[in-house]
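What follows is a single structure, written as structure tokens, with notes after it.
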Amino acid sequence: GSVTGDQIAAKAKQYLGVPYQWGGASPSGFDCSGFVQYVFKNCGITLTRVSRDQYAKNGTRVEKSQLQPGDLVFFGTNGNVSHVGIYVGNGQMIHSPSTGKSIMYTSIESDYYVKRYIGAKRVI
């Protein structure tokens, strides 16, 4: 596609501070997959809606060591995807974490996310 990972990361950054909202898919509030879907849609890329479908049905697998800005990173437990973020480089993702929090940057190397890392997909 014509869009770059850096452009996706820049688009995502515009929503820093937007509150988490379960089921949310607009700038008034996002859940994790709604945020990812919205950012990519605004860059001209259509993704499925929920994180497990985004992992199962979109893009191609990419190794953690090969991550590039704009890649989707997936997390969960027992192999079941329950969270998605957008990798922005330098071990960081931008995501909508959970109730009471807002769109923020988080290290994918933090203890919490290292333990729950499932995989990554490249859709651009």
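Taking the Cβ of F75 as the centre, find all other residues whose Cβ is under 13 Å away and add up their charges (Lys, Arg: +1; Asp, Glu: -1). Net charge in that neighbourhood comes out at +3. The convex hull defined by the C-alpha atoms of the chain has an orientation-averaged projected area of 6.6 nm². When a 1.4 Å probe is rolled over the protein heavy atoms, the share of accessible surface on the stretch 20-124 that falls to carbon and sulfur comes to 46 percent. Placing +1 on each Lys and Arg Cβ and -1 on each Asp and Glu Cβ, with no other charges, gives the chain a dipole about its Cα centre of roughly 220 debye.
Using the Cβ of L47 as centre and a radius below 14 Å, the other residues enclosed give a net charge of +4, where K and R count +1 and D and E count -1. The Kirkwood hydrodynamic radius of the stretch 1-62, based on inverse pair distances between different Cα atoms, is 12.0 Å. Computed per residue of the chain from DSSP H runs no shorter than four, each worth -39500 (n - 2.57), the mean residue ellipticity at 222 nm is -7000 deg cm²/dmol. The distance between label points at K41 and Q14 comes to 1.4 nm (points 7 Å beyond Cα on the Cα→Cβ vector). Each Lys or Arg adds one and each Asp or Glu takes one away; over the other residues whose Cβ falls under 15 Å from the Cβ of Y20, this sums to 0.
The values are calculated or read from the model by the stated rules, or taken from the named source; none is laboratory data. Just so you know, these numbers come straight off a predicted model, no measurement behind them. Cβ: placed from backbone, ideal geometry, glycine included. Neighbour counts: every protein chain shown. Just so you know, the surface numbers come from the protein's heavy atoms only, side chains and all, with ligands and any DNA or RNA stripped out. Shrake-Rupley method; radii C 1.70, N 1.55, O 1.52, S 1.80 Å.
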